[in-house]
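Novice: Below is a structure I'd like to ask you about.
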Amino acid sequence: MDLQVIINGILLGGLYGLAAVGFSLIWGVMNIVDLAQGAYLTLGAYITFWLFKLWGIDPFLTLPVSALILFGLGFLIESQIIKRVLRYGFVMLLVVTYGLNLLLQNAMLVAWSADYRSVTPAYSGAGLNIGGVNIPYIRLALFIAALLLVGLLTIFLNKTRVGNAIRATALNRLAANLVGIRTEFIYALTYSLAAAVVGMAGSLISMVYTVSPNLGGAFMTKIFVVTVLGGFGSLPGAVLGGLILGITEAFTASYIAPGLMNAVSFILLVVILIFRPQGLMGKQFYGA
Amino acid sequence: MALLEVKNVSRSFGGVQAVNNVSFEVNEGEIVGLIGPNGAGKTTMMNLISGLIKVNEGEIRFQGARLTGLKPHAIAHKGIARTFQIVKPFQGMTVRENVMMGALFRSDLRGLKGSAVKNIVDEALELLELDRRAEAPVEELNLAQRKHLELARAMAMGPKLLLLDEVMAGLNLKEIERLMELVRKLNARGVTILVIEHVMKAVMGLSKRVLVMHHGSLIAQGPPEVITQDPKVIEAYLGKRRHKGLHKEAR
């Protein structure tokens, strides 16, 4: 076993986990497969890129900006579009979010071209070397940031009044409504929150990946695998799923072939679906 | 004083008149029964009161203020709680968490400390005899306990009016008697109760006044012993010939 490969996988997996959290939350609470998450991720990455490029703002400091902008965008999209389509059911929402994704992605293509861009803060090359294992500072920082954000979100969902309202709405919307929760507002809030989180994931990802309008599309497949691995609606599950996917990818790239990374990930997905369809840490998150 | 006033309320679904020009009042402190054969419009009536569906015509007032047009959460904030024929717990939470969801979103508790919420939850758990199962996941409860849970969650909301939609359905005789006792206990604490029930023994035993719906209309109301003798009611339930059966069952 190569320790370096495992470390690489784990550091990458944290980011995958964070990227999948919003998707998992929306699926769990609203029963929507939100294909627009990819575009939100890309937008978050671009926000970091432009703030860094134009004003030299440190990429980590751009996180709140990404979160705010995407929260606003998410709120607008939920209250103006998603809300009106909800009653037409699962498939129609799939079509709508797919359309939204295309729209946003192409808008970014028109506005900022297909050029590959990268965020390169001064510290991006430096790293730690422990016993022959190399840990780049930036990857370590991203990993810690991702875990922190998931941790904060978990605390928010479990300990606050609004968090409890979101959980109750996820488990049984009707009952939640009748104990006095404004479930319509909770839907808008959940969607915006999920957009903000995936936007922040995009911001972090922009520091280690090249940014282009396609960035989110590439990540969407990973988000799928992570969510299925971990189980819908489970935040710790998303992190675990992310770590497993990260390690699997690292091993595939090192020992089999980098080109087979996605293939192996999807084989893993299918195996999990066959033997444990609820995911590794899946609970029944939405009620009957 | 009338706590709840239903005035000339109608509601149709497509061409079906589910509730047709129904008027009644529920006074403070009463237990009122709402009975009628399947499809009479009882549950629709409850849905109209709790705001889940909209009133076509007429209006509903609570403590003198209009309910008609308010959203379900706003109606809940006014002090109307309800339970369902098919229980609707938050599966995945514990018994305590379920009851807590009742207390957490009360408009009158906003800004209060967590300890105040905890006290309310403890009280509701004890009242419905669930204190020993407080930390259990809901999945472990049997049907009777789940019905108690629904009532505990509703009581944690601090309701003035409690709408009970067939709480007795599916319970055995012993469980029914126990639950009847509990419903009387809730009423004694000042909660007004409107109860839909198919179990005649329960509804006749609990209610001082019974409303009878048939084909969406209110066809009779009065004390249980009068209602069971009413020819219109007997006909609605049994057709013309077998009317002695209902009378017997009511006892």
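Novice: Quick one: what Rg and Dmax do you get for chain A from the alpha carbons, in Å?
Specialist: 18.6, 60
Novice: Further, regarding this structure: Mind giving me the FRET efficiency for A:LEU174 and A:VAL208? R0 is 60 Å, r the Cβ-Cβ distance, nearest 0.05 is fine.
Specialist: After rounding, the FRET efficiency stands at 0.85.
Novice: Report relative contact order for chain B in percent, whole number only (criteria: Cα-Cα under 8 Å, sequence separation at least 6).
Specialist: 25
Novice: Tell me, how many Å apart are the Cα centres for segment A:138-172 and for segment B:29-102?
Specialist: Cα centroid to Cα centroid, the span is 32 Å.
Novice: Once each part is reduced to its C-alpha centroid, what is the distance from segment A:175-219 to segment A:80-123 in angstrom?
Specialist: Between the Cα centres of segment A:175-219 and segment A:80-123 lies a distance of 12 Å.
Novice: Among residues other than A:VAL198 whose Cβ falls under 15 Å from its Cβ, what is the net charge (Lys/Arg +1, Asp/Glu -1)?
Specialist: It works out to a net charge of -1.
Novice: So if I restrict to the alpha-carbon atoms in segment B:89-157, what is the Rg, and what is Dmax, the biggest pairwise distance, in Å?
Specialist: In Å, with Rg to one decimal and Dmax whole: 11.1, 35.
Novice: Run through the DSSP bridge list for chain B and note the antiparallel percent, rounded to the nearest 5.
Specialist: Taking every DSSP beta bridge with both residues in chain B, the antiparallel ones total about 55 percent.
Novice: So which trypsin sites (Lys or Arg not before Pro) in segment B:165-228 are both in a DSSP loop and have at most 10 other Cβ atoms within 10 Å of their Cβ? Walk me through the numbers on the way to the answer.
Specialist: Numbers: sites: B:LYS174, B:ARG178, B:ARG184, B:LYS185, B:ARG189, B:LYS201, B:LYS208, B:ARG209; in loops: B:ARG189, B:LYS208.
Sparse-neighbourhood loop trypsin sites (Lys or Arg not before Pro): B:ARG189.
Novice: With all protein chains present, how much of the accessible area of chain B (probe radius 1.4 Å) comes from carbon and sulfur, to the nearest whole percent? Don't jump to the answer; show the numbers that get you there.
Specialist: On the way: 5540 of 11320 Å².
The value for chain B is 49 percent carbon and sulfur by accessible area.
Novice: Report the one residue of B:SER107, B:GLN91, B:ASN142 whose Cα lies farthest in the direction of the positive end of the charge dipole of segment B:89-157 (charges on C-beta: Lys and Arg +1, Asp and Glu -1; origin at the Cα centre).
Specialist: Toward the positive end, the furthest listed residue is B:SER107.
Novice: Just to be sure I understand: of the beta bridges DSSP finds with both ends in the protein assembly as shown, what percent are antiparallel, rounded to 5?
Specialist: 60
Novice: A follow-up question, please. Can you give the charge dipole size of the protein assembly as shown about its Cα centre, rounded to the nearest 20 debye, using +1 on the beta carbon of Lys and Arg and -1 on the beta carbon of Asp and Glu?
Specialist: About 1220 debye.
Novice: Please state the charge dipole magnitude for segment B:89-157, taken about the Cα centre, from unit charges on C-beta atoms (+1 on K and R, -1 on D and E), reported in debye and rounded to the nearest 20.
Specialist: It comes to approximately 220 debye.
Novice: For segment A:1-73, just say rounded, prolate or oblate: build the C-alpha gyration tensor, square-root its eigenvalues into a ≥ b ≥ c, call rounded for a/c under 1.5, and beyond that prolate if a/b exceeds b/c, oblate if not.
Specialist: oblate
Novice: Also, I was wondering about something else. From the square roots a ≥ b ≥ c of the eigenvalues of the alpha-carbon gyration tensor of the protein assembly as shown, which class results: rounded (a/c under 1.5), prolate (a/b over b/c), or oblate?
Specialist: On the way: a/c = 2.71, a/b = 2.37, b/c = 1.14.
Prolate.
Novice: Tell me the mean residue ellipticity at 222 nm calculated for chain B from its helices only (DSSP H runs of n ≥ 4, each -39500 (n - 2.57), averaged over every residue, nearest 500).
Specialist: -10500 deg cm²/dmol
Novice: Residue by residue, what Karplus-based ³J(HN,Hα) values in Hz, rounded to whole numbers, does segment A:131-148 have, using 6.51, -1.76 and 1.60 with θ = phi - 60° and x for Gly and Pro?
Specialist: Ordered by residue, 3J(HN,Hα) equals x, x, 9, 9, 10, x, 3, 5, 5, 5, 4, 5, 4, 5, 4, 5, 4, 4 Hz.
Novice: In degrees from 0 to 90, rounded to the nearest 10, what is the angle of the helix A:37-55 Cα long axis to the longest principal axis of chain A?
Specialist: Result, in degrees: 50.
Novice: Can you give the accessible area buried between chains A and B, summed over both chains, with a 1.4 Å probe, in Å² to the nearest 100? Write down the numbers at each step before the final one.
Specialist: Details: alone 13100 and 12230 Å², together 23410 Å².
The summed interface area works out to 1900 Å².
Novice: Another question about this same structure. Residue by residue, what Karplus-based ³J(HN,Hα) values in Hz, rounded to whole numbers, does segment B:192-201 have, using 6.51, -1.76 and 1.60 with θ = phi - 60° and x for Gly and Pro?
Specialist: Rounded to whole hertz, the list is 7, 10, 10, 10, 8, 8, 9, 6, 4, 3.
The values are calculated or read from the model by the stated rules, or taken from the named source; none is laboratory data. Computed from a predicted model, the values in this text were never measured in an experiment. Neighbour counts run over all protein chains shown; Cβ positions are idealised from the backbone, glycine included. For accessibility, only protein heavy atoms count, side chains too; no ligands or nucleic acids. Shrake-Rupley method; radii C 1.70, N 1.55, O 1.52, S 1.80 Å.
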